[in-house]
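To start, the structure under review is shown below, and the notes come after it.
Read-outs: derived from the displayed coordinates by stated rules, not from any lab. No experiment lies behind these values; they were computed from the predicted model shown. Virtual Cβ from ideal backbone geometry, glycine too; neighbours counted across all protein chains shown.
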Amino acid sequence: MWRNLETTGTKGSENGIIIKDEEYDGACRLTLEKCERYYAITCGVYGAMVHTAFFGEDDYNDKYESIKKDLQEFMNRETTEDEELDFYQDFVDKY
């Protein structure tokens, strides 16, 4: 289950203002920031991966929801180490 973290309105890792900050099942985190010229989405799977992607005004919300869905589906699967590595590579390539 996703839970909201209480960081909205504070400065994020990309020096923007945090709009959304959520954690899934204590295993991964997804943060959306409004920066001066773009939106930054930073996501991490604890102990394994951190990735930041940048989007414009027109597509940041759709991308946020897509990233959230992909992370949740991944976290809910049983995976081998090789499958995890493949997911991380595919995820970074996609976003």
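Between residues in the stretch 69-95 that are over 20 Å from E22 (Cα atoms) and residues that are of a type in the set (F, W, Y) and part of a helix (DSSP H, G or I), which pairs lie under 6 Å by C-beta distance while being six or more apart or on different chains? Close Cβ pairs (under 6 Å, with a partner that is of a type in the set (F, W, Y) and part of a helix (DSSP H, G or I)) amount to F87/F74.
Where residues in the stretch 70-95 are part of a helix (DSSP H, G or I) and among the polar types (S, T, N, Q), which of them is nearest to the chain's Cα centre (by Cα)?
Applying the filter and picking the extreme gives Q72.
Looking at R37 and the list (1) closer than 18 Å to V92 by Cβ; (2) surrounded by fewer than 18 Cβ atoms within 10 Å (Cβ to Cβ); (3) of a type outside the set (A, V, I, L, M, F, W, C), which single condition is not satisfied? Answer for R37: the failing condition is (1).
Cβ separations smaller than 8 Å between residues 6+ apart or across chains give the following pairs from the stretch 21-47 residues that are farther than 12 Å from L5 by Cβ to residues that are of a type in the set (D, E, K, R) and outside any strand (DSSP E or B): E33/E14; C35/E14; Y39/E57; A40/E14; I41/K63; T42/E14. Of all residues in the stretch 1-13, those satisfying the criterion of being free of Cβ contacts under 8 Å to residues at least 40 places away in the same chain and either within 15 Å of the chain's Cα centre (by Cα) or farther than 15 Å from T52 by Cβ (or both) are M1, R3, N4, L5, E6, T7, T8, G9, T10, G12, S13. If you check T31, T10 for being among the β-branched types (V, I, T) and surrounded by fewer than 13 Cβ atoms within 10 Å (Cβ to Cβ), only one passes: T10. Residues of the stretch 52-61 include at least one that is under 10 Å from the mean Cα position of the chain (by Cα) and surrounded by 14 or more Cβ atoms within 10 Å (Cβ to Cβ).
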